[in-house]
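Please read the structure below before turning to the comments.
The values are calculated or read from the model by the stated rules, or taken from the named source; none is laboratory data. All values derive from a computational prediction rather than experimental measurement. Please note: Cβ atoms are built from the backbone with ideal geometry, for glycine as well, and neighbour counts cover all protein chains shown. The protein model used for the area step is the full one, side chains on, heavy atoms only, and it has no ligands, DNA or RNA in it. Shrake-Rupley method; radii C 1.70, N 1.55, O 1.52, S 1.80 Å.
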Amino acid sequence: YRFAEIRYHRPEETHKGRTVPAHVETVVLFFPDVWHCLPTRSEWETLSRGYKQQLVEKLQGERKEADGEQ
C-alpha cells in the first residue's frame, strides 16, 4: 500500500566543480500487506507438523550414527 510521497526541491548547487541544476527528488513509502504473507491456520498446522517430523527424523539419524560409533 502506498503510504506517503515526499518531494524535496533541491536548489541549484555546485558539487566537485560541476553545477548541478535545481531538481525535485521524490521518495515514496510503502507499507507491505503482511496479512497475505502469513500462512492460514491450516497451512501453519501442516507446516508445523512437517517441521516436527523432519526434526524427529534428524534426531533419530544422529542417534543411530552415535550408536554406530560406540
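Cβ separations smaller than 8 Å between residues 6+ apart or across chains give the following pairs from region 22-44 residues that are on the phi < 0 side of the Ramachandran plot to residues that are β-branched (Val, Ile, Thr) and modelled with pLDDT of 95 or more: Thr26/Ile6; Val27/Ile6; Val28/Ile6; Leu29/Ile6.
Residues are listed down the side, and each one gets a yes or a no for (1) among the polar types (S, T, N, Q); (2) more than 30 Å from Arg10 (Cβ to Cβ); (3) part of a helix (DSSP H, G or I); (4) at pLDDT 95 or above:
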residue: Val28; (1), (2), (3), (4): no, no, no, yes
residue: Trp35; (1), (2), (3), (4): no, yes, yes, no
residue: Glu43; (1), (2), (3), (4): no, yes, yes, no
residue: Arg49; (1), (2), (3), (4): no, yes, yes, yes
residue: Gln54; (1), (2), (3), (4): yes, yes, yes, yes
residue: Leu59; (1), (2), (3), (4): no, yes, yes, no
residue: Glu65; (1), (2), (3), (4): no, yes, yes, no
residue: Gly68; (1), (2), (3), (4): no, yes, yes, no
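Taken over region 12-58, the criterion of being open to solvent by less than 80 Å² (accessible area, probe 1.4 Å), more than 25 Å from Tyr1 (Cα to Cα) and hydroxyl-bearing (Ser, Thr, Tyr) is satisfied by Ser42, Ser48.
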